[in-house]
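Written out below as structure tokens is the structure these notes cover.
The values are calculated or read from the model by the stated rules, or taken from the named source; none is laboratory data. These numbers were taken from a predicted model, which means no experiment stands behind them. In this analysis, Cβ positions are derived from the backbone assuming ideal geometry, glycine residues included, and neighbour counts consider all displayed protein chains.
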Amino acid sequence: MMDRNFLDYASYVICDRAIPAMEDGLKPVQRRILWSLHENDDGRFTKVANIVGHCMQYHPHGDASIADALVNLTNKRYLIEGQGNFGNPLTGDQAAASRYIECRLTALARKEIFNDDLTAFIANYDGRKKEPVLLPSKLPLLLMLGAEGIAVGMSTKVLPHNFIELLEAQIAILQKKPFKVLPDFF
């Protein structure tokens, strides 16, 4: 019984919390944040606290983990545009409280991440709402954003890569030409 329970728990932590899915490059909390921003998207900036509260309908693991993940995604600057003090990942400066900072989806995220024809949905944790299984995209999000996570018995660290080099590599793949991409070291 102990072996089975441990394996079930380990699998849950690995698949549902700590390690990004290769198919879309996102951890569940990141996917749920982007989905919450999409559902509330009217082009205007929205308080991070509001997005965190909305995201808790899909991610029942506490507001702190959601806010931290949202700040992290915003600091990458590809998918979420921030307004206010989102801290500095290079110096370790913390972001302001979520009631003081605002965000919205970038034009890139609006255009490339959400596609109702390709997105499959499942019931959320309490069965009241539907959330995306994956957010299929033409963008190589795992390489763009990088990833770091630790789970029971495994961890991952993927360094972010240069956006332009990734696009050039995608073109090279389509043209059946050789290519090389290297991570950005920051």
Next on the checklist: I'd like the full set of residues that are in a strand (DSSP E or B) and not hydrophobic (A, V, I, L, M, F, W, C), limited to the stretch 127-186.
Outcome noted: K130, E131, P132, E148, G149, S155, T156, K157, H161, P183
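Tell me the residue from I150, I173, I122, I113 that is more than 26 Å from E81 (Cα to Cα), within 17 Å of the chain's Cα centre (by Cα) and not acidic (D, E), please.
Working: I173 fails: within 17 Å of the chain's Cα centre (by Cα); I122 fails: within 17 Å of the chain's Cα centre (by Cα); I113 fails: more than 26 Å from E81 (Cα to Cα).
It is I150.
Please find, among L90, L108, the residue that is of a type outside the set (K, R) and outside any loop (DSSP other than H, G, I, E, B).
Values: L90 fails: outside any loop (DSSP other than H, G, I, E, B).
Answer to the selection: L108.
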Checklist entry - If you go through the stretch 59-84 one residue at a time, how many are in contact with a Leu (Cβ under 7 Å, 6 or more places away or on another chain) and part of a helix (DSSP H, G or I)? => result 2
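Of the residues that sit in the stretch 58-68 and are crowded, with 20+ Cβ neighbours inside 10 Å and out of contact with any Cys (no Cβ under 6 Å at 6 or more places or on another chain), which one is modelled with the lowest pLDDT?
As a first pass, look at the stretch 58-68 and keep what is crowded, with 20+ Cβ neighbours inside 10 Å: 58-59, 66-67.
Keeping just the survivors that are out of contact with any Cys (no Cβ under 6 Å at 6 or more places or on another chain) gives 58-59, 67.
Numbers: Y58: 95, H59: 86, A67: 97.
For the stretch 58-68, the residue satisfying everything is H59.
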Checklist outcome for this item: Filtering the stretch 83-112 down to residues that are out of contact with any Asp or Glu (no Cβ under 6 Å at 6 or more places or on another chain), modelled with pLDDT of 95 or more and among the hydrophobic types (A, V, I, L, M, F, W, C) yields F86, A95, A96, A97, I101, C103, A107, L108, A109
Checklist entry - Any idea which of (1) touching a Ser or Thr at 6+ places or on another chain (Cβ under 7 Å); (2) in contact (Cβ under 8 Å) with a residue 24 or more places away in the chain is the one F86 doesn't satisfy? => result (2)
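If you check I101 against the conditions, is it in contact with a Pro (Cβ under 9 Å, 6 or more places away or on another chain) and of a type in the set (V, I, T)?
Values: in contact with a Pro (Cβ under 9 Å, 6 or more places away or on another chain): no; of a type in the set (V, I, T): yes.
In short, no.
Can you find a residue in the stretch 120-135 that is among the polar types (S, T, N, Q), in contact with a His (Cβ under 9 Å, 6 or more places away or on another chain), surrounded by 13 or more Cβ atoms within 10 Å (Cβ to Cβ) and closer than 22 Å to T46 by Cβ?
Step one: of the stretch 120-135, the residues among the polar types (S, T, N, Q) are 124.
Checking which are in contact with a His (Cβ under 9 Å, 6 or more places away or on another chain) leaves us with 124.
From what's left, surrounded by 13 or more Cβ atoms within 10 Å (Cβ to Cβ): 124.
From what's left, closer than 22 Å to T46 by Cβ: 124.
The answer is yes; a qualifying residue exists.
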Checklist entry - Using beta carbons and a limit of 9 Å, which pairs, at least six apart or on different chains, have the first residue in the stretch 164-181 and under 22 Å from L108 (Cβ atoms) and the second one part of a helix (DSSP H, G or I) and β-branched (V, I, T)? => result F179/I171; F179/I173
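Restricting to the stretch 30-58, what's the tally of residues that are free of Cβ contacts under 8 Å to residues at least 40 places away in the same chain and not in a helix (DSSP H, G or I)? If you could, list the steps in order and put the result at the bottom.
To start, the set of residues in the stretch 30-58 that are free of Cβ contacts under 8 Å to residues at least 40 places away in the same chain comprises 36, 39-40, 42, 50, 53-56.
Remaining after also requiring not in a helix (DSSP H, G or I): 40, 42, 56.
The total comes to 3.
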